[in-house]
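**Student:** This structure is in structure tokens; I'll ask about it shortly.
Readers should treat all values here as calculations from the given coordinates under stated rules, not as data from a laboratory. All figures in this text were calculated on a predicted structure; none of them were measured in a lab. FYI the Cβ positions are ideal-geometry reconstructions off the backbone, even for glycines, and counts take in every protein chain you see.
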Amino acid sequence: MAKMIYRALQIMPFGTNCYLVASDKTRDGMVIDPAGDAARILDNISELGLSIGIIVLTHAHPDHIGAIAQLKETTKAKFALHAAEAGIINQYGDSQFTMFDPTFRPPPPPDRLLTDGDSIDIGDIVFKVLHTPGHSAGGICIAGYGVVFSGDTLFNMGIGRTDGPGGDYDLLISSIRSKLLNLPDETLVLPGHGPKTTIGWERQHNTFLR
Ligand SMILES: [Zn+2]
Ligand SMILES: [Zn+2]
């Protein structure tokens, strides 16, 4: 059976977790949420010997997107995000975010729009798209191989903020309950910010989900 490997990179200044995910065998990979510092992400891709076929966003907030343009140019990977998120990707034309992160570049238009239940095929491995709106209208989680990349939907002992545009608290809770809490307890949760956790731990201890 195909084996998945991943590496987490915490990207400053927003402390966003960017994940490199790949097949252990073919070294085909994807990048989830290339938040910034493209040079460091590219160094890690080379170090792992990966061939990146796709860049996937859990959602298009500015703290998750700063390195897409550079990564796409260098790796020739496709860029994908949920259809309901595509509108906001065009709003970053003026690079006001370079104030916070000098490496920030506005993202290019997407090559692929994802919907709930879609497959993301990378070499001999395959992940499933779970649409989990609430933090953002087109928020997704990416599941497979005993792992779920949860973006800003579910954190270790927390949940995403819902006070921004497209935020909806009740919708977020129902997304987590219907799409994430039905995963096995031992599923590793790799969030968009902060330390990893498991579905079982969050089911028991996350006060937002009581
Ligand atoms: Zn966010
Ligand atoms: Zn975030």
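**Student:** Which FRET efficiency value, to the nearest 0.05, do you get for Asn182 and Ser51 by plugging their Cβ-Cβ distance into 1/(1 + (r/R0)^6) with R0 = 30 Å?
**Tutor:** The calculated FRET efficiency here is 0.35.
**Student:** Report the calculated FRET efficiency for Val126 and Thr98 (r = Cβ-Cβ distance, R0 = 45 Å), to the nearest 0.05.
**Tutor:** 0.80
**Student:** Tell me, what is the percent relative contact order of the range 1-107, built from C-alpha pairs under 8 Å that lie six or more residues apart?
**Tutor:** About 23 percent, as a whole number.
**Student:** Return a whole-number percent for the relative contact order of the chain, with Cα pairs under 8 Å and 6 or more residues apart as the contact set.
**Tutor:** 16
**Student:** So if I restrict to the alpha-carbon atoms in the chain, what is the Rg, and what is Dmax, the biggest pairwise distance, in Å?
**Tutor:** Final numbers for Rg and Dmax: 15.8, 46 Å.
**Student:** Ratio to report: Rg/Rh of the range 118-210, with Cα atoms as the point set and Rh obtained by the Kirkwood method; give two decimals.
**Tutor:** So for the range 118-210, dividing Rg by the Kirkwood Rh gives 0.96.
**Student:** Run down the aspartates and glutamates and flag those whose C-alpha is under 13 Å from the C-alpha of Lys72, throwing out any fewer than 8 positions away in its chain.
**Tutor:** By straight Cα distance, Lys72 reaches Asp33, Asp111.
**Student:** Please give every one of the lysines within straight-line cross-link reach of Lys25, meaning a C-alpha to C-alpha distance under 22 Å, and leave out same-chain neighbours fewer than 8 residues apart.
**Tutor:** Lys3, Lys76, Lys78, Lys128
**Student:** What whole number of Å gives the distance from the Cα centroid of the range 138-158 to the Cα centroid of the range 164-210?
**Tutor:** Computed from Cα coordinates, the inter-centre distance equals 7 Å.
**Student:** Taking the Cβ of Thr103 as the centre, find all other residues whose Cβ is under 15 Å away and add up their charges (Lys, Arg: +1; Asp, Glu: -1).
**Tutor:** Charge balance in the 15 Å sphere: -3.
**Student:** Using helices alone, I'd like the mean residue ellipticity at 222 nm for the chain: each DSSP H run of four-plus residues gives -39500 (n - 2.57), total over residue count, nearest 500.
**Tutor:** Here the helix-only value at 222 nm equals -4500 deg cm²/dmol.
**Student:** What list of ³J(HN,Hα) values in whole Hz, one per residue of the range 66-79 in order, does the Karplus curve 6.51 cos²θ - 1.76 cosθ + 1.60 (θ = phi - 60°) give from phi, with Gly and Pro shown as x?
**Tutor:** x, 10, 4, 4, 5, 5, 5, 4, 7, 9, 6, 5, 6, 10
**Student:** Report for the chain the percent antiparallel among DSSP-assigned beta bridges with both residues inside it, nearest 5.
**Tutor:** So the antiparallel bridges amount to about 65 percent of the total.
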